[in-house]
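First the structure, in the form of structure tokens, and then the observations on it.
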Amino acid sequence: MRAALTLAACLLFGGQAAWGHAALVSTEPASGAVLDRAPDAVVLTFSEPVSVTALRLLGPQGPAVDVAPTRADGHQIRVPLPDDAAQGAYLLSWRVVSADGHPVGGTLDYAVGSSAGPARTTDAAAPGGHLAAIWLGRWLGYICLFACAGAALFRARNPSGHQAWAWPLVWIGLGLLPVNLGLQGLDLMDQRAAALLGRPAWAAALGSRYAWTLGLFALALLASAGALSARRAGTVRGCAGAALALAGVSLAASGHAGTAPPQWLSRPLVVLHVATAAAWLGALVPLVRLLGAGRESTTGLAPLAWFSRWITPVVAVLLASGAGLALLQLDRPADLWRTPYGIVLSVKLALVCGLLGIAAFNRWSCTRPALAGEMAARGRLRRSILMETLVALALLGGVSLWRFTPPPRSLDAAGASVQRLGEGVAPFTLSNDRVYAAVMRSESAWIIVLGDPSGRPFEARGLTLTLSNPQAGIEPLRRETQRVGDGRWQVDMGFLPSSGIGRWRVGVEILVDDFEQVTLEGPLPP
């Protein structure tokens with residue numbers, strides 16, 4: 001008993017310093033301080049004895065340099081600074097090891113001069129080449145999906161026509177799925193292609209809503225394959241209907257359109273819009289092939305007559321659902337030419353008008369004579385549908401750009417709030433399906449506006465701004481923000497020095513309640 005009590009006393013009174021990780025208690029100068037002249041040294045004080053593993057100083061005139069402490073005794077570290085320090089913003093990145101062997105890191109920020117503005121920057125280009133690959137992957141995926149769904153629909157009407165031309169597109173579409181998933185992971189992590197060799201990028205992609213879209217996309221392609229290969233007419237029709245429905249559901253599972261409030265309306269509208277678009281645009285290739293074969297008789301043109309009868313109500317549903325989605329995404333007509341999202345929508349509308357004009361010409365000038373056996377009309381109709389197909393390809397390419405253009409509904413509330421708080425660098429947005437954070441920085445403060453997808457302020461218990469630059473060896477800089485209004489938070493901090501280093505990353509840690517925290521992260525725009 002005496003031995004046990006003695007051991008407990010030793011652990012209680014002699015081991016307190018090793019129970020927790022070292023914590024930074026104070027700094028000289030203070031974090032965020034603006035000094036009239038450069039200090040001779042920086043002093044870091046910790047809660048327990050530490051050993052220094054890395055110290056890097058980043059200033060306004062050059063890349064980060066390693067510095068060494070002149071004193072590191074116990075709890076305190078003294079770091080001498082250059083005598084000829086210029087005016088501007090400075091970061092001292094530190095990494096230490098506490099008594100328990102765990103490394104701890106952080107960054108101290110301060111500025112010299114009354115106005116420490118942005119430093120001259122020679123940043124390396126951010127990893128952005130994958131953005132073009134994301135657009136190309138989505139465009140090719142849409143082409144495969146729509147063409148295969150259209151081929152399945154045509155075979156449902158004419159089971160004797162096997163539509164074998166669509167099989168390569170089925171395999172290409174399935175092959176694009178892991179490519180698009182990997183590109184999604186690179187985009188979420190803001191990493192280069194080499195990151196695909198590791199697990200984090202794939203885990204991030206699989207944890208996103210886009211993974212659901214790709215899974216349903218695969219099911220739609222497999223349903224199309226079932227319609228192309230089945231022998232019984234009922235099975236062909238069932239698979240073709242499933243392919244169209246799954247095509248609509250896949251694109252409603254993620255993206256701006258499917259998450260617009262109220263979702264009970266926006267998601268069904270997306271399903272209808274995509275399914276009817278696939279039925280129309282996907283049928284163009286089978287029609288071209290139909291008109292290019294069997295020119296001697298009209299007996300094989302029954303699918304053309306069938307298409308001509310039902311396409312009008314399909315296009316009506318397509319236009320109505322598209323108009324409903326546009327009303328949900330846009331706040332005012334001026335958004336059509338003042339926002340990137342609106343510009344893409346305007347291009348889409350212009351291409352749709354072109355498609356409608358070509359379709360009207362086909363229906364009223366070419367279809368009836370072609371069905372009557374006029375070979376010249378059949379040739380005109382085939383050439384016109386080929387032109388319609390090219391416009392449809394351009395339309396799908398334009399729609400793929402929406403991946404990079406947040407809709408005005410998610411930006412207006414944030415932009416208005418930021419504008420009321422002051423002028424500075426244009427805001428950029430971090431978001432997920434639940435909350436967005438519009439971030440604006442000026443010479444003296446960073447302002448974060450939180451909102452939900454409907455544009456209403458997002459209530460939070462607290463918010464922490466984090467800035468990191470692993471590529472330059474700079475430890476994370478964390479600053480607590482202050483609430484300045486409904487959904488609006490502010491922290492006094494100027495621009496960051498960035499001369500000669502890679503891209504910064506910004507994070508917003510949102511404390512929703514005592515048990516939940518949401519973290520948004522992304523690259524910091526130049």
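Points worth noting:
- Relative packing of 507-518, 135-146, which averages over residues the other C-beta atoms within 10 Å, highest first: 135-146, 507-518
- Inter-label distance for ALA54 and TRP135, nm, one decimal - labels placed 7 Å from Cα along Cα-to-Cβ: 3.6
- You can think of it this way: the chain between ALA193 and VAL518 has 114.3 nm of extra reach, that is 0.36 nm per residue less the Cα-Cα gap.
- Between ALA164 and ALA30, full extension at 0.36 nm per residue minus the direct alpha carbon distance yields a gain of 41.1 nm.
- Residues whose placed amide H lies under 5 Å from that of ALA64, excluding near-sequence neighbours: none
- Accessible-area composition of the stretch 217-339, carbon plus sulfur, in percent [1.4 Å probe]: 68
- Rough spin-label spacing in nm, given labels placed 7 Å along Cα→Cβ, for ARG403 and TRP171: 2.4
- Separation of the stretch 255-270 from the stretch 39-53 is 53 Å, based on Cα centroids.
- Separation of the stretch 353-375 from the stretch 172-223 is 41 Å, based on Cα centroids.
- Protection proxy ranking of 308-315, 269-276, 341-348, by the mean of other Cβ atoms within 10 Å over each peptide's residues and highest first, is 269-276, 341-348, 308-315.
- Here the gap between ASP83 and ALA41, fully extended at 0.36 nm per residue and compared with their Cα-Cα distance, gives a gain of 14.2 nm.
- GLU374 versus THR235: modelled label distance in nm, points set 7 Å from Cα along the beta carbon direction: 4.3
The values are calculated or read from the model by the stated rules, or taken from the named source; none is laboratory data. Owing to the predicted nature of the structure, the values given are computational and were not obtained by experimental measurement. Glycine gets a Cβ as well: all are built from the backbone with ideal geometry, and neighbour counts include every protein chain shown. Calculation scope for accessible area: heavy atoms of the full protein, side chains included, ligands and nucleic acids excluded. Shrake-Rupley method; radii C 1.70, N 1.55, O 1.52, S 1.80 Å.
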